[in-house]
Each structure stands twice: as C-alpha cells, then as structure tokens.
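Scroll down for the structure; my scribbles are underneath it.
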Amino acid sequence: MGKQRNGRCLTYRYSFEKKSVIVPLQAADILAWTIYQQMQKILSGKPPRWEADMAYDLLKHSRCPLDDGFFVKDNLLKWAEAEIDTVIAHFKERQAALESRATISSNGTT
C-alpha cells in the first residue's frame with residue numbers, strides 16, 4: 001500500500017486486481033482502444049487490427065449504437081464558439097432574473 005503524507009496516500013507501486021472485479025474499467029479501456037484504432041485508420045490510412053474493426057462494428061450496430069465523431073480544427077472552433085455563446089446567454093438570463101428580483105424587493109413587492 002502507499003505511504004501517508006499530509007493525509008494523502010502516495011502510491012509507489014502498481015497493483016493488479018481480478019478481472020471480474022474491475023469490469024467497468026476494462027470496458028472503458030476497450031472502448032478507448034477501439035476508438036483510438038479507428039482514429040488511426042482515419043488519420044493515417046493504416047488499417048486497424050481485426051479486433052478493433054470487430055469491436056467497432058459491434059458498437060455501431062448494438063442496441064445503444066455508438067454516436068461517434070471527431071473534431072478537426074474548423075469544426076472544433078465552431079463548436080467552442082457555440083458553447084461560449086450558450087454560456088453567455090445563460091449568464092445574461094440569470095443576471096436579468098436576479099436584477100428583476102432585486103427591483104421587486106426594493107419596491108417592497110413580494
């Protein structure tokens with residue numbers, strides 16, 4: 001186990017668990033590896049391993065199909081700008097609501 005310093009556990013070695021105990025982590029690793037393989041295929045033209053293609057096909061055609069995609073510079077910028085606009089609009093709405101409450105309170109109306 002790790003040593004304690006200032007109330008925090010410092011890990012100084014790796015540990016291994018039974019695969020049956022860490023199934024969710026294995027699933028996340030497999031998903032990440034599968035998507036990474038597909039991105040390599042798209043970006044470099046290098047065909048992925050057959051396991052990656054099989055896993056990707058299973059994900060794409062499952063009961064909860066994978067809605068995959070990726071950003072390139074232009075559409076990432078458009079997405080970020082749209083998100084910023086949404087956040088600004090939300091804060092303006094909140095500010096207007098708070099100002100309205102303050103006006104009502106100062107007029108003595110409840």
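The values are calculated or read from the model by the stated rules, or taken from the named source; none is laboratory data. All figures in this text were calculated on a predicted structure; none of them were measured in a lab. Cβ placement follows ideal geometry from the backbone for every residue including glycine, while neighbour counts extend to all protein chains displayed.
Some points to look at:
- Entry remark, the stretch 25-75: residues being part of a helix (DSSP H, G or I) and of a type in the set (Lys, Arg) number 3 in total.
- Taking residues in the stretch 56-83 that are over 16 Å from ILE30 (Cβ atoms), and partners anywhere that are assigned to a loop (DSSP other than H, G, I, E, B) and at pLDDT 75 or above, the pairs with Cβ atoms closer than 7 Å and at least 6 places apart or on different chains are TRP79/PHE71.
- Of all the listed residues (SER15, SER44, SER62), the sole one being loosely packed, with under 10 Cβ neighbours inside 10 Å and modelled with pLDDT of 85 or more is SER44.
- Test result for ALA89, out of contact with any Cys (no Cβ under 7 Å at 6 or more places or on another chain), in the same structural domain as THR34 (by TED's automatic domain parsing), part of a helix (DSSP H, G or I) and hydrophobic (A, V, I, L, M, F, W, C): no
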